Structures are given as C-alpha cells and as structure tokens.
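Just below is one structure, and these are the notes that go with it.
Here, each number is a calculation from the coordinates, and none is a lab measurement. Model, not experiment: these values are computed from the prediction. Cβ placement follows ideal geometry from the backbone for every residue including glycine, while neighbour counts extend to all protein chains displayed.
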Amino acid sequence: MTRHVVMAMLTDALLIARKDLKLELRSRVAMNQVIPFALLVLVLFAFALDPDRGLLQKATPGLYWIAVLFSGLLAMQRSFAVESADGVTDALRLSGLSPSGIYLGKTLSVAVQLLVLEVLLGVGVVVLYGTTVGGWLLLVATILVATAAISTAGTLFGVVASGLRVRETLLPLLLLPVLAPVLIGSTRAFEAALNGTPSEGWPWVGLMSVFAVVYVVAGIFGFGPLMEES
Amino acid sequence: MTTETARQVEVTDDGPTSTGSRATMILGIVTLLALAMLVLFGLILSPADENQGDAVRIMYVHVPSATLSYVGCFLTTIGSAVYLWRKSQWWDLVAYAGAEVAALFTAFTLVTGMLWGRPTWGVYWVWDARLTSEAMLMLLLLGYLAVRRLAADYDVRAKRAAIVGLLLVPNVFIVRQSVQWWRTLHQTPTLSLSGAEIQGLMLFSLFIGFIAITLVFVWMVIHRFRVAWLEEQVDAEGLDVAIAERRAEGAVS
C-alpha cells in the first residue's frame with residue numbers, strides 16, 4: 001500500500017512540475033524578467049564594488065549566491081502567484097492530487113528554474129568578473145545540493161505566504177533567515193572549490209543535504225494541512 | 001444565541017477568565033522578591049571583576065536571558081506540534097506566548113550583550129558565533145511573529161504559524177551549527193565565558209540571576225497566554241453578536 005501511495009505521489013509531482021514548467025515556458029516571465037534581473041544584480045555588484053581592485057573576483061562566491069537567492073525569490077513568488085488567480089488553488093484542491101505530490105512537483109519546477117538561473121549566472125561571473133573556475137566536482141555537488149535546499153524551503157514557505165495581501169513582503173522575511181545556513185554553506189564550498197582546497201567544502205555539502213532532507217520531510221507532511229485550510 | 005460559527009477549533013471552557021489569578025499574583029510577588037535579591041547581590045554585594053570591572057554585573061542578567069530565549073523557542077515548537085496534532089487552541093496560544101516572550105528576551109540579550117561588549121572589547125558588535133546566532137534567532141522569531149499578525153481567519157493564521165513554529169527549533173539548530181563552522185573555520189571563538197572561572201559571590205549572583213530571570217519568563221509567558229486567550233474569546237463572541245444582529249435585522253424586514 002505504501003508503495004502505491006509513494007508511486008501516486010511521484011506521478012502527481014511530475015504532473016504538477018510539467019504543468020508549472022509549461023506555464024513558465026509559455027508565459028516567458030522567467031525568461032523576460034527573472035533572468036534579466038539576475039544579470040542586472042551582477043552588474044549592480046560591479047557598480048558597488050570597484051571592478052579594478054579585484055574585489056569582485058575575490059568575492060565571487062558570495063556575490064554569486066546572493067544573486068541566486070534574490071532572483072530565485074522572484075521565481076518562488078511566481079510559483080504561487082500563478083495559483084492564486086482565478087481560484088486555481090481551489091481547483092488544485094479539488095483535483096484529487098495528493099498534497100505531498102503537489103509540494104514535490106512545485107519544488108521540482110522551482111529547482112529546474114533555479115538550475116537554469118545558476119548556469120546563466122555562472123557564465124555571467126566568469127565573463128563579467130573574470131573568475132577562474134576549478135574544482136568542478138565540488139562545484140556541481142554544491143549547486144545541486146544548494147538548489148535542493150533552496151527550492152524545498154522556498155516552496156514550503158511560499159505556500160505559508162501564499163494567498164495573502166502581504167505575501168510579497170512576508171516571503172523574504174520568512175525565507176532569507178532560514179536560508180542563511182545555505183548561503184554560508186554554498187559560499188564556503190564555492191570558495192573551497194575555487195581555491196583548490198575541496199576538502200574544506202564537503203562538510204558544507206553535508207550540512208546543506210541535512211537541511212534539504214529536513215525540508216522535504218516537513219513539506220511532504222506539512223503541505224496537506226496547509227492546502228486544506230480557508 | 002445558538003448560531004454555529006465556522007470555527008474548527010474546539011472552544012473549551014477550561015481557559016482563563018481573567019488576566020490573572022491568585023496563583024499568578026503570588027508568582028508575581030515571588031518574582032519581585034527575586035529581582036530585589038538580584039539587585040542586592042548583583043549590584044551591591046558581589047565584587048567587580050578583575051578584568052571586566054563593573055561590566056561583569058551585566059552577565060547576571062545577560063546569561064540567564066540568553067538561555068531562556070532558547071527555552072521560549074522550544075515552547076513554540078512544542079506548542080505548534082501539539083496544535084497540528086490535536087488542533088487545540090490552548091497549545092496554539094502557548095506557542096504564540098512562547099515566541100513573543102522569546103523575542104523579548106532575545107532582544108534583551110542582544111542589547112545587554114552590546115552594552116557589555118563596548119567596555120570589554122571596545123566595540124558593540126563582533127562577528128562571533130554566539131552573537132551571530134542570537135541575532136539570527138531574533139530574525140527567525142520576527143518571521144514567526146509576522147505570520148501571527150496576519151490579517152486572516154483564525155484557522156488559516158494558526159495553521160500557517162504552526163508550520164513555521166514547528167520548524168523553528170530545527171532552523172535554530174542548523175543556523176547555530178553553520179554559524180559555528182563559519183566562524184571557527186577561520187578563527188577561534190573570540191569570547192569564552194566558561195574560561196574565566198567564576199566563583200564565590202559572583203557565582204551566587206549568577207545563580208540568583210537565573211532564578212529571578214526564569215521567574216520573570218514564566219510570569220510573562222503565563223500572562224501573555226492569558227491575554228491571548230481572552231482576545232480570542234472576545235473575537236469569537238464579537239462574531240456571534242454580529243451574526244445575531246444581522247439575523248435580527250433580517251427577521252424585522
């Protein structure tokens with residue numbers, strides 16, 4: 001029976017993820033607004049920190065992840081904004097899809113969007129900040145685990161803030177302090193990879209994995225009560 | 001007034017009917033006595049420290065309030081968990097009271113810590129692991145309290161706050177761990193209270209501080225809970241009255 005439930009949950013998750021990503025592809029909001037915003041943040045950092053002093057290069061890991069968090073926040077807000085119009089939330093509730101499946105699907109679609117953003121921002125820092133890339137294994141592992149951590153927590157807090165008049169201001173306040181460990185971890189892991197000392201980075205990958213697991217569990221069990229309400 | 005309200009919460013009658021009782025009054029008197037003892041021992045009888053001077057007296061309130069700010073977080077997470085499990089308003093309000101008093105104690109800890117740091121280190125703030133995690137705790141609590149103040153139905157607000165509250169302690173743990181690593185990978189912790197041996201009257205003053213501040217904490221949580229409970233009752237009654245009035249209008253016309 002449990003096997004059956006898990007399979008149904010995963011099928012629902014794929015269904016929701018496909019729907020959300022299709023929506024993003026067709027509406028082109030991510031393409032036309034979120035990605036340009038992310039690149040804009042990179043340029044603004046260059047204005048704030050004089051590019052001639054080598055600060056940008058030195059601070060690349062931190063600036064990169066700040067840019068990911070801020071532009072990712074826009075993507076996460078959108079993930080629930082598309083549900084709040086025209087009573088779509090009610091339709092989703094009536095659809096009979098399992099709430100855990102909806103949660104995983106939303107998480108998956110946010111994660112895919114974040115990955116696209118991260119690749120583009122990576123190209124951005126290499127081109128604009130002249131950062132030399134190394135330690136590929138740790139870099140890729142950090143990106144995957146940090147993306148999982150950001151999207152699992154972001155989706156859970158996204159639904160906590162959804163459907164409220166204050167959602168645009170509430171989500172950053174709830175989410176950013178919670179994501180502080182992920183910011184610290186991903187930044188330190190990136191530094192370790194770029195400095196050629198990957199052994200210092202792996203504990204952070206472990207910490208972020210624990211974070212992601214905590215939030216996946218919380219999301220799978222907490223999404224049901226949150227969907228039932230109102 | 002037989003109107004059924006849409007509330008899912010079990011409205012029980014065993015809640016408080018006023019902001020205080022005889023027991024809380026006695027508790028309040030004991031708390032005041034303990035605070036007087038703390039003033040006597042902390043400010044008058046205990047000696048100044050060799051290194052820190054009179055600034056050490058701040059520690060008698062700073063250390064206990066830091067500890068209790070974490071106790072408040074545990075209260076919030078436990079209250080949220082029981083609320084999600086049993087849907088009892090009582091536990092939901094325990095979580096609320098715990099978080100609000102914890103936020104107050106965290107703010108107090110930060111302020112007293114800065115006032116101690118200025119004469120001792122020469123600066124108000126250092127990026128020490130302990131200070132940074134206390135500041136992050138404050139931000140996490142402010143997020144929770146923001147959810148509590150949402151203008152939404154009781155059930156919606158309580159359920160969302162419970163999810164945030166449930167994750168409060170796990171978050172505090174992960175944040176503390178990461179901040180610890182973040183600082184210690186680069187440098188050794190800058191302050192260590194346990195290193196300096198505290199003894200005699202100073203240790204006793206700290207002990208009195210723990211008792212007095214714990215009593216203040218308990219007194220505050222109880223009263224915050226009672227006020228929150230009464231507020232909910234007034235809201236529910238106001239809704240009943242409003243519905244009854246509208247019905248009466250309908251019957252007349």
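Some notes on this structure:
- The residue among A:180, B:172, B:52 whose Cα reaches farthest toward the positive pole of the charge dipole of the protein assembly as shown, with charges on the beta-carbon of Lys, Arg, Asp and Glu, is A:180.
- 13 Å beta-carbon shell around residue B:180, net charge (K/R +1, D/E -1): +2
- Around the Cα centre of chain B, unit charges on the Cβ atoms of Lys, Arg, Asp and Glu (plus for the first two, minus for the last two) sum to a dipole of about 480 debye.
- At least 30 Å along the helix axis (C-alpha) and Kyte average at least 0.5, DSSP helices within chain B: B:59-86, B:89-121, B:200-252
- Integer Hz, Karplus 6.51/-1.76/1.60 couplings in order for the stretch A:74-91, x for Gly and Pro: 5, 5, 5, 4, 5, 4, 9, 5, 5, 8, 7, 6, 6, x, 5, 4, 4, 4
- Karplus-derived 3J(HN,Hα) values for the stretch A:213-219, using 6.51 cos²θ - 1.76 cosθ + 1.60 with θ = phi - 60°, are 5, 4, 6, 5, 5, 4, x Hz; glycine and proline are entered as x.
- Nearby lysines by direct alpha-carbon distance to residue A:22 (threshold 19 angstrom, same-chain neighbours under 8 apart not counted): A:106
- What the pair-distance distribution of the protein assembly as shown shows, using all Cα-Cα distances binned every 20 Å from zero, is 20, 47, 28, 4, 0 percent.
- Label zone at residue A:132 (point 7 Å along Cα-to-Cβ), backbone N below 17 Å, the stretch A:39-69: A:54-61
- Think of each Lys and Arg Cβ as +1 and each Asp and Glu Cβ as -1; about the Cα centre, that makes the dipole of the protein assembly as shown roughly 800 debye.
- Among A:47, A:80, A:37, residue whose mean-square fluctuation peaks in a GNM of chain A (springs only between Cα atoms under 10 Å): A:47
- Taking the fewest neighbouring Cβ atoms within 10 Å as the starting point, the ordered list for B:91, A:65 is B:91, A:65.
- Among B:14, A:50, sorting on how many other beta-carbon atoms sit within 10 Å of each Cβ, with the fewest leading, yields B:14, A:50.
- Centroid-to-centroid separation of the stretch A:193-230 and the stretch B:128-187 [C-alpha atoms, Å]: 15
- Unit charges at the beta carbon, dipole of chain A: most positive-side option, A:15, A:144, A:164: A:15
- By other beta-carbon atoms within 10 Å, ranking B:154, A:129, B:83 with the fewest at the front produces B:154, A:129, B:83.
- If you plug the beta carbon distance of residue A:46 and residue A:95 into 1/(1 + (r/R0)^6) with R0 = 51 Å, you get a FRET efficiency near 0.65.
- For the options A:53, A:78, A:167, a Gaussian network treatment of chain A with springs between C-alpha atoms closer than 10 Å singles out A:53 as fluctuating the most.
- Rounded Å value of the spacing that divides the Cα centres of the stretch A:46-98 and the stretch A:137-185: 8
- As a calculated quantity, the FRET efficiency between residue A:53 and residue A:8 at R0 = 60 Å, using C-beta atoms, amounts to about 0.60.
- Peptide A:148-158 is shielded by partner chain Cβ atoms: per residue, an average of 1 of them sit within 10 Å of its Cβ.
- Per-residue average of Cβ from other chains inside 10 Å of A:171-178: 5
- The listed peptides B:55-63, A:152-160, B:161-169, ordered by packing as a protection proxy, come out as A:152-160, B:161-169, B:55-63 (highest mean of other Cβ atoms within 10 Å first).
- Residue-wise HN-Hα coupling along the stretch A:42-50, computed from phi with Karplus coefficients 6.51, -1.76, 1.60 (Hz; x: Gly, Pro): 4, 5, 5, 4, 5, 5, 6, 10, 3
- Shielding by partners for peptide B:129-138, expressed as the average number of C-beta atoms from other protein chains within 10 Å of each residue's C-beta, is 1.
- Pairwise FRET efficiency - residue B:127 versus residue B:203, Cβ, R0 = 30 Å, nearest 0.05: 0.50
- Extension gain, residue B:249-residue B:37: 0.36 nm per intervening residue step, less the Cα-Cα distance, totals 70.2 nm.
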